[in-house]
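What follows is a set of notes on a single structure, which appears directly below.
The values are calculated or read from the model by the stated rules, or taken from the named source; none is laboratory data. No experiment lies behind these values; they were computed from the predicted model shown. So basically every Cβ, Gly included, is an ideal-geometry build from the backbone, and we count neighbours across all protein chains shown. Quick note on the areas: whole protein, heavy atoms, side chains included, nothing else; ligands and nucleic acids left out. Shrake-Rupley method; radii C 1.70, N 1.55, O 1.52, S 1.80 Å.
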Amino acid sequence: AGAIGFASSFSPNHSGYGGRPMPSTIASEAELRTLTGVLGEVGRGVFMSATGTRATPEVMESIAAANGRPAFISTVLTMYNEAAPERALTYYERCAQATARGHEVGILTSCQALSFDFTLTNPYVLLSHSAFDAISGVPCEPRVPLAAVYRDASFRNAFRANLANPKSGILFLGNWDRIEVSVAATAKNRALETRTIGAIARERNADPVDVFFDLAIEENLDTHFIGKFFQNDDAGVAPLLKHSAGVITLSDAGAHLIYMCDAGFGLHFLSHWVRKTGEFTLEEGIRRLTSDCAQRFRIPERGRLVEGAPADLLLFDPATVGISKPYPVHDLPGGGSRMVRTSTGVHGVWVNGSLIHDGKNYVDLAKGPGQVLDRFDA
């Protein structure tokens, strides 16, 4: 009833239970083109894909051209990567050239570092390294067999070899200054929180691979780490945020909730890129987070404060607006965990003119004022 378009994924990092690939990641391009062809038939909708290396900007342009509908790319290949610092910008330029040819292709751009919270009981971000094939089928509970794998010298050496020659599409490329201790599981290690594995290893004159696994084993694999793998350097990210091909919108929208929480990226954008760095004026920052997104995704009557339009409002203090670091809570069924964040400097949220959040708590409304968006511009 409210579909804005169609989304898919070719990303090699998208796998399901037991490491099995998601169906779309091994589907043929012909299948994808058949599905996206419906957008052209109805003359509505946008297409988005987590492309990986399979769907290049040129492939996405051909799909946009065939259907006459906008296409959007999401992939780490379009994020700043210190191992290939110029690569991301080339993707933006290729997409801009496609749009100039009349085939609109954009990039979903993250305004914050691509960060994953993880423990070694479920090291999602590292599974694409072949060394971690050794834990396939090893149960998380009890943890003794899993810890034994991590303790084994042959496993660690295999992981070092992976890092020395990483495959394409890998999230972690071996810079241990990009993995921090998020939450230490023991009081004696609390001082390590917010410190990087690289810094700890240098202080101890030890190999970071050993520091990483030894710390986790010492804490019964309960140590929480945060990996900040891409979009992690302001000088490299700023040109991407300012590029005409980019749409500042990427948040994963609740996916991967065990590992990350990018919710509130707009508050980070206002605090970091507007207030702290000054890369954007307040007015331009707000435009990029509101009307620019609505226009690019063809959502009518949203993103602007104009008479007669739905009154969707955020009241915030520009001097204090921001977002906390992710932290775990255990409120899912069965005591499952997820990462959450809290806001600062927010004093109210209105949907269709009704206050739904006062900046601290949700307001109890007998009937929610929201509605399914089911009309989209051609």
Please list, or write none, the lysines whose alpha carbon is within less than 29 Å of the alpha carbon of LYS360, excluding same-chain residues fewer than 8 places away.
LYS228, LYS276, LYS325
Looking at the range 145-225, which GluC sites (Glu not before Pro) are DSSP coil and have at most 15 other C-beta atoms within 10 Å of their C-beta?
GLU193
At the level of C-alpha centres, the distance separating the range 209-264 and the range 1-75, in angstrom, is 24 Å
Excluding LEU355 itself, what net charge comes from residues whose Cβ is under 14 Å from its Cβ, given Lys and Arg +1 and Asp and Glu -1?
-1
Relative contact order in percent for the range 191-336 (Cα pairs under 8 Å, 6+ apart) equals 15 percent
Enumerate by residue number the GluC sites (Glu not before Pro) in the range 240-316 meeting two conditions: DSSP loop (anything except H, G, I, E, B), and at most 16 other Cβ atoms within 10 Å of the site's Cβ.
GLU301, GLU307
In Å², what does the accessible area per residue of the chain work out to with a 1.4 Å probe?
48 Å²
Gain upon complete extension [LYS167, ASP317; 0.36 nm per residue less C-alpha separation]:
49.6 nm
Kindly report, to the nearest 10 Å², the accessible surface of ARG143 as traced by a 1.4 Å probe over protein heavy atoms only.
50 Å²
Along each principal axis, Cα extent of the range 120-275, largest first, Å
49, 36, 32
